[in-house]
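Student: Structure in structure tokens, see below.
The values are calculated or read from the model by the stated rules, or taken from the named source; none is laboratory data. All values reported here derive from a predicted model rather than from experimental measurement. All Cβ positions, glycine included, derive from the backbone under ideal geometry; neighbour counts span all protein chains shown.
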Amino acid sequence: MAGVPQVPACRVCASYPAAEVTIRSHVGMLIMMRFQKWQGPYCRTCGTAMRREATTNTLWQGWWSPFSLFIFNPYTIISNLVVRGKLNKLPEPGPVPYGTRPDPGKSVLQRPAAYVALLPILWFLFLIVRGG
């Protein structure tokens, strides 16, 4: 119908409501870097599952180049925190029209791989204390 706003459906499970967000991941390698992003409307459950996976990967793979350490990885983490806020404002999605939804799994801080991020932070603090 004309004049009726179209509500976006989740691009993973096609349920409603969904928010237009961009989920990011970053991998810093010694010489190269890899950036990934997934754009689209996501329901709360599907978006949370994707964001948790991307953020966890970023936390353990994103620190291994100088630009990644100081610029790209912090930006990616902050960007995904903003996405988290948008997704958390959504109510639980309705029934799945087809297929299944991904399991959001454990929160980022309950995943052991996320704590690899402590290594560059501790190394940086060690350098500051040792140099001072």
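Student: I'd like to verify a number: residues in the stretch 28-52 that are of a type in the set (Val, Ile, Thr) and at pLDDT below 95, how many?
Tutor: Count: 1.
Student: Between Ser68, Ser79, which is small (Gly, Ala, Ser), in a helix (DSSP H, G or I) and at pLDDT below 90?
Tutor: Criteria check complete, one pass: Ser68.
Student: Which of the residues belonging to the stretch 78-132 are within 22 Å of Arg51 (Cβ to Cβ) and among the β-branched types (Val, Ile, Thr)?
Tutor: Ile78, Val82, Val83, Val96, Thr100, Val108, Val116, Ile121
Student: Check whether at least one residue in the stretch 1-15 is among the β-branched types (Val, Ile, Thr) and under 19 Å from Ser107 (Cα atoms), and report yes or no.
Tutor: Taking every residue of the stretch 1-15 in turn, none turns out to be among the β-branched types (Val, Ile, Thr) and under 19 Å from Ser107 (Cα atoms).
Student: Right, something else. Looking at the stretch 49-88, which of the residues that are aromatic (Phe, Trp, Tyr) and crowded, with 20+ Cβ neighbours inside 10 Å is farthest from Gly105 (Cα to Cα)?
Tutor: Phe72
Student: Can you find a residue in the stretch 94-110 that is surrounded by 12 or more Cβ atoms within 10 Å (Cβ to Cβ), of a type outside the set (Asp, Glu), touching a residue at least 12 places away in the same chain (Cβ under 8 Å) and in a helix (DSSP H, G or I)?
Tutor: yes
Student: Within 18 Å of Asn88 (Cβ to Cβ) and not in a strand (DSSP E or B): does that describe Glu53?
Tutor: So Glu53 passes the test.
Student: Okay, moving on. Leu118 is checked against (1) modelled with pLDDT of 90 or more; (2) assigned to a helix (DSSP H, G or I) and fails just one. What number does that condition carry?
Tutor: (1)
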